[in-house]
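Student: Quick one: this structure, given as structure tokens, is what I'll be asking you about.
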């Protein structure tokens, strides 16, 4: 796992966008895993600017969203179908037919979850998965104690997660209680995991994910086992890392 600590959130966004753009320039048909929430928004803004400048194109790429609320109409502005369309597909110029989001409105969510797993496999797997991390350590909507081998399924959102996401809704009571999320085992199969975190509110989760034991209590800690995981942090998010100086030294002296 490579830990990159940068001065500001804007620097995090730019560095992560560099990684995504580099992949798509090499592989125009790359399969990306896209996350919602506040953490990756700056990455998408950076990439949108590069698309507008003609520096990169996502027209041939495909994408799979990490998760979706259960029971929220796809037309709701905070459904992840809407968020992905608004923040990713439109600004980055994806072909909408190449972008898939779990079906949280399905009559049989168990079948919908299984179908999502099949769709990822049929696409050849995910080349690069963008991740944020919740204040309680979740990635995707894999809440604490999620199985490290879990697959796409329905999960009950933790009260902390619902409270954190209440800012996106007019009334906190409107935040759904359930979701469909890629499992930790599903996420782990992506060939490159790219996690970004900004701000002091994420520092505890980052400390446990990066330097704590691998544990279902802190789902993000599964990145420690991945052969190609990159974690990009601003100084505030990295503030509780005991080995921060070493991570800076390692990046400064990275072998060619």
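Student: Anything in the stretch 9-34 that is closer than 21 Å to residue 254 by Cβ and either in a loop (DSSP other than H, G, I, E, B) or touching a helix residue (DSSP H, G or I) at 6+ places or on another chain (Cβ under 8 Å) (or both)? List them, or say none.
Tutor: Selection gives 12, 13, 14, 16, 17, 20, 21.
Student: Which of (1) under 18 Å from residue 189 (Cα atoms); (2) free of Cβ contacts under 8 Å to residues at least 60 places away in the same chain; (3) touching a strand residue (DSSP E or B) at 6+ places or on another chain (Cβ under 8 Å) is the odd one out, the single condition residue 212 does not satisfy?
Tutor: (1)
Student: State whether one or more residues within the stretch 125-133 are out of contact with any strand residue (DSSP E or B) (no Cβ under 9 Å at 6 or more places or on another chain) and either over 27 Å from residue 243 (Cα atoms) or part of a helix (DSSP H, G or I) (or both).
Tutor: No: zero hits.
Student: Does the stretch 129-139 include one or more residues that are in contact with a helix residue (DSSP H, G or I) (Cβ under 9 Å, 6 or more places away or on another chain), loosely packed, with under 15 Cβ neighbours inside 10 Å, farther than 28 Å from residue 29 by Cβ and at pLDDT 95 or above?
Tutor: There is no residue in the stretch 129-139 that is in contact with a helix residue (DSSP H, G or I) (Cβ under 9 Å, 6 or more places away or on another chain), loosely packed, with under 15 Cβ neighbours inside 10 Å, farther than 28 Å from residue 29 by Cβ and at pLDDT 95 or above.
Student: Among the residues of the stretch 11-27, which ones are over 15 Å from the mean Cα position of the chain (by Cα) and within 19 Å of residue 90 (Cβ to Cβ)?
Tutor: Correct list: 21, 24.
Student: A further question follows. Could you identify the single residue in 37, 54, 71 that is more than 15 Å from the chain's Cα centre (by Cα), modelled with pLDDT under 95 and not in a helix (DSSP H, G or I)?
Tutor: The unique qualifying residue is 71.
Student: Can you tell me which condition residue 190 does not meet? The list is (1) farther than 30 Å from residue 27 by Cα; (2) modelled with pLDDT of 95 or more; (3) part of a loop (DSSP other than H, G, I, E, B), and all the others hold.
Tutor: Among (1) farther than 30 Å from residue 27 by Cα; (2) modelled with pLDDT of 95 or more; (3) part of a loop (DSSP other than H, G, I, E, B), the lone unmet condition for residue 190 is (1).
Student: So in the stretch 162-187, with the set limited to residues that are under 13 Å from residue 66 (Cβ atoms) and part of a helix (DSSP H, G or I), which one is nearest to the chain's Cα centre (by Cα)?
Tutor: Ranking the qualifying residues of the stretch 162-187, first place goes to 187.
Student: Considering every residue within the stretch 76-87, establish whether at least one is touching a helix residue (DSSP H, G or I) at 6+ places or on another chain (Cβ under 7 Å) and in contact (Cβ under 8 Å) with a residue 24 or more places away in the chain.
Tutor: Within the stretch 76-87, one or more residues are touching a helix residue (DSSP H, G or I) at 6+ places or on another chain (Cβ under 7 Å) and in contact (Cβ under 8 Å) with a residue 24 or more places away in the chain.
Student: Any chance the stretch 149-171 includes a residue that's out of contact with any strand residue (DSSP E or B) (no Cβ under 9 Å at 6 or more places or on another chain) and either buried (at least 23 other Cβ atoms within 10 Å of the Cβ) or at pLDDT 95 or above (or both)?
Tutor: Yes.
The values are calculated or read from the model by the stated rules, or taken from the named source; none is laboratory data. Bear in mind that the values here come from a model prediction, so they are computed numbers and not experimental data. Ideal geometry is used to build each Cβ from the backbone, glycine not excepted, and the neighbour counts take in all protein chains shown.
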